[in-house]
Amino acid sequence: MRPHGLLRSGQRLSRAMSRCVLEPRPPGKRWMVAGLGNPGLPGTRHSVGMAVLGQLARRLGVAESWTRDRHCAADLALALLGDAQLVLLRPRRLMNANGRSVARAAELFGLTAEEVYLVHDELDKPLGKLALKLGGSARGHNGVRSCINCLNSNAMPRLRVGIGRPTHPEAVQAHVLGSFSPAEQELLPLLLDRAADLILDHIRERSQGPSLGP
């Protein structure tokens, strides 16, 4: 059984999320950040998006506030960034079905595709490289493809986190689903910090005006 304090914290968060969904939206903007990955496989390259979400939660002071939401089949945490409200989401479905969780949460929180950030691994960038892409195709990423199909839009901003591509094509699956090497794990803390900086700065910038800046 969960400790009473943790249970009460989860209940409070569930009530808070219900109020956010059901009550009129306050003046501040609302955004969602979804970390794509496979539940139950932390530490793998394919789930690096979920690792970034963990770092975001720590930076925003809500690392102990994750709660499971059965409506979305996801773990959710709510945070504030200035006047903006952030919905942090980690799907509990497999990567190929991540979009079902993302789309359901977007519907519940009244968000458009342009207000949903996707954070995911990127084979075509070396480890340590980050890029913020504004919409476009899935580029072969099954989690992104699922989100595009379920949201019926390709307008979502994406933070692409490089994991590098192996030399031999037949090694791609093992590489993606494998854990970071010890040498790579030494780079992860700085990488997760930089990823959190990039996405938070971008959301701050967008929250100050109506345009979707680079």
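The values are calculated or read from the model by the stated rules, or taken from the named source; none is laboratory data. If you're wondering where the values come from, they're calculated on a predicted model, not measured in any experiment. Methodologically, a virtual Cβ is constructed for each residue, glycine included, from the backbone with ideal geometry; neighbour enumeration extends over all protein chains shown. All accessible areas refer to the heavy atoms of the entire protein, side chains included, with ligands and DNA or RNA removed. Shrake-Rupley method; radii C 1.70, N 1.55, O 1.52, S 1.80 Å.
Entry remark, segment 70-80: residues being surrounded by 18 or more Cβ atoms within 10 Å (Cβ to Cβ) and either modelled with pLDDT under 95 or more than 23 Å from D201 (Cα to Cα) (or both) number 3 in total. Which of the residues spanning segment 138-170 are modelled with pLDDT under 90 and in contact with a Lys or Arg (Cβ under 9 Å, 6 or more places away or on another chain)? Across segment 138-170, the qualifying residues are A138, R139. N98 passes every criterion in (1) in contact with a Ser or Thr (Cβ under 6 Å, 6 or more places away or on another chain); (2) part of a loop (DSSP other than H, G, I, E, B) apart from (2). Among the residues making up segment 65-93, those that are over 16 Å from W31 (Cα atoms) and of a type in the set (K, R) are R68, R70, R92, R93. Six or more apart or on different chains, Cβ atoms under 6 Å: show the pairs whose first residue is in segment 121-140 and free of Cβ contacts under 8 Å to residues at least 60 places away in the same chain and over 20 Å from N154 (Cα atoms) and whose second is open to solvent by less than 60 Å² (accessible area, probe 1.4 Å) and outside any loop (DSSP other than H, G, I, E, B). Partner pairs satisfying both residue conditions: K125/G162; P126/G162; K129/G162.
Identification of helices (runs of 4 or more DSSP H) wholly contained in segment 140-214 with 1 or more residues that are hydrophobic (A, V, I, L, M, F, W, C) and more than 21 Å from R92 (Cα to Cα) yields 172-177, 182-207. Each residue in segment 112-140 was checked for being over 24 Å from E184 (Cβ atoms), open to solvent by less than 20 Å² (accessible area, probe 1.4 Å) and among the hydrophobic types (A, V, I, L, M, F, W, C), and 3 of them qualify. For segment 55-64, the set of residues classified as open to solvent by less than 10 Å² (accessible area, probe 1.4 Å) and touching a residue at least 60 places away in the same chain (Cβ under 8 Å) consists of L56 only. Determine whether T67 is more than 22 Å from H175 (Cβ to Cβ), of a type in the set (S, T, N, Q) and surrounded by fewer than 16 Cβ atoms within 10 Å (Cβ to Cβ). So T67 fails the test.
Take S101 and tell me if it is polar (S, T, N, Q) and open to solvent by 50 Å² or more (accessible area, probe 1.4 Å). Considered against the rule, which asks whether it is polar (S, T, N, Q) and open to solvent by 50 Å² or more (accessible area, probe 1.4 Å), S101 comes out as no.
crowded, with 16+ Cβ neighbours inside 10 Å and either touching a residue at least 60 places away in the same chain (Cβ under 8 Å) or of a type in the set (G, A, S) (or both), is that true of S181?
no
Has segment 21-35 got at least one residue that is outside any loop (DSSP other than H, G, I, E, B) and at pLDDT below 95? There is at least one residue in segment 21-35 that is outside any loop (DSSP other than H, G, I, E, B) and at pLDDT below 95.
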